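Chemist: Before I ask anything, let me first share the structure, which is written out below as structure tokens.
Every number in this text was worked out from the coordinates using simple rules, so none of it is lab data. This one's a predicted model, so the numbers in the text were calculated from it and none came from an experiment. Using ideal geometry, Cβ is built from the backbone for each residue, glycine included, and neighbour counts are taken over all protein chains shown.
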Amino acid sequence: MAIFQQLTMRMNAFSFGGVRTLTEHSENVASRPRIHLLRCMLLHIMRTQMWKFLAFLILVATAVSLYAQQSTAKPEDTEVWQPEPKVVTPGATLGGAPSDAIVLFDGKNLDEWVSAQDRSAPAKWTVADSVVTVNKAAGNIETKRTFRNYQFHMEWRIPENVTGSGQLRGNSGLFLASTGPGDAGYELQVLDSYNNKTYVNGMAGSIYKQSIPLANPMRKPGEWQAYDVVWTAPVFNTDGSLKSPAYVTVFLNGVLVDNHFELKGETRYIGQPFYKKFDRAPIKLQAHGDPSPPISFRNIWVRELD
Ligand code: MG
């Protein structure tokens, strides 16, 4: 403000001095309004400049304050040390079961599985040469255990001598939650989709008749494929209404094919999907009725996430 007052005083002195000079030398009284106008303009300019100067000072003060705060912050302020993640030993090979996984099939037996049609009966698929092969006559099989949210790994192979086309070529399925016998539940399609056209929401990598895979990374028949899945189960209210839908993320042969896909309900061959209340559910493998030679599975494991 001192600067402003000084400038104002100088302005006044200049303008009055100017009036006196004009009066003495020209005695032209009519020039006074012009001098007054000039004085007003200069005062206005000075006031405007003063406000700009004050705004600049506030800006500088704010910047200095922020800099001071930043300079006192430490890296440790944003470090979090608890809770520590549990130690998990990864599989010895890529795709191998981590130390905290439940191994559902390791090439030896089907002790973790039962018939989906009759849960008191054993799973009667064929185990040989460290792989399990679908027995179509025996029907679907599912896990003895039930799950909610999980990470899942499974490898599968379409036989080299596969026959048929479309949905009749190496069809099977991974039911992420089995909600009853038969094909009740939420199916991630298993199919030969290597140079085999079918409806795209029914090819390998699709949530059957709900999602279109983001890519088709299939290997040819005779080679092993791998599914890696993150399944978030739907949650229901006590009255049976849906609280939150199911989500799934799927990698096929390491390529993302479903990215946090929100399911519309149970997958259905005919009709629209719908949700039906359940809590925990087995994981199911499909014995599809198509006449093509049966497919095989190996290295199946799951990590519970709740
Ligand atoms: Mg299927």
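Chemist: Students often check this: by mean Cβ neighbours within 10 Å, which of 268-279, 100-111 ranks highest, and how do the rest follow?
Modeler: Details: 268-279: 12.2, 100-111: 15.6.
Packing order, densest peptide first, comes out as 100-111, 268-279.
Chemist: Same structure, new question: So which aspartates and glutamates can LYS108 reach, going by Cα to Cα under 17 Å and dropping same-chain residues fewer than 8 places off?
Modeler: ASP129, GLU142, GLU155
Chemist: Between LEU59 and LYS144, 0.36 nm times their residue separation minus their Cα-Cα distance comes to what?
Modeler: Numbers: separation 85, 0.36 × 85 = 30.60 nm, distance 6.85 nm.
Extra length from LEU59 to LYS144 when fully extended: 23.8 nm.
Chemist: Cross-link candidates for LYS277: which aspartates and glutamates have Cα within less than 15 Å, leaving aside residues fewer than 8 places away along the same chain?
Modeler: Cα-Cα hits under 15 Å: ASP239, GLU266.
Chemist: Would you mind ranking GLU155, GLU266, GLU79, GLU160 by Cβ crowding within 10 Å, fewest neighbours first? If you can, show how the numbers build up before the last one.
Modeler: Numbers: GLU155 18, GLU266 23, GLU79 7, GLU160 10.
Result, fewest neighbours first: GLU79, GLU160, GLU155, GLU266.
Chemist: With a 10 Å radius around each residue's Cβ, average the other Cβ atoms per peptide and rank 190-202, 87-99, highest first. Before the final figure, lay out the partial values.
Modeler: On the way: 190-202: 18.5, 87-99: 11.5.
Ranked by mean Cβ neighbours within 10 Å, highest first: 190-202, 87-99.
Chemist: Identify, among MET218, TYR275, SER178, the residue whose Cα sits farthest towards the positive end of the charge dipole of segment 169-297, taking +1 on the Cβ of Lys and Arg and -1 on the Cβ of Asp and Glu, with the dipole about the Cα centre.
Modeler: So the residue furthest toward the plus end is TYR275.
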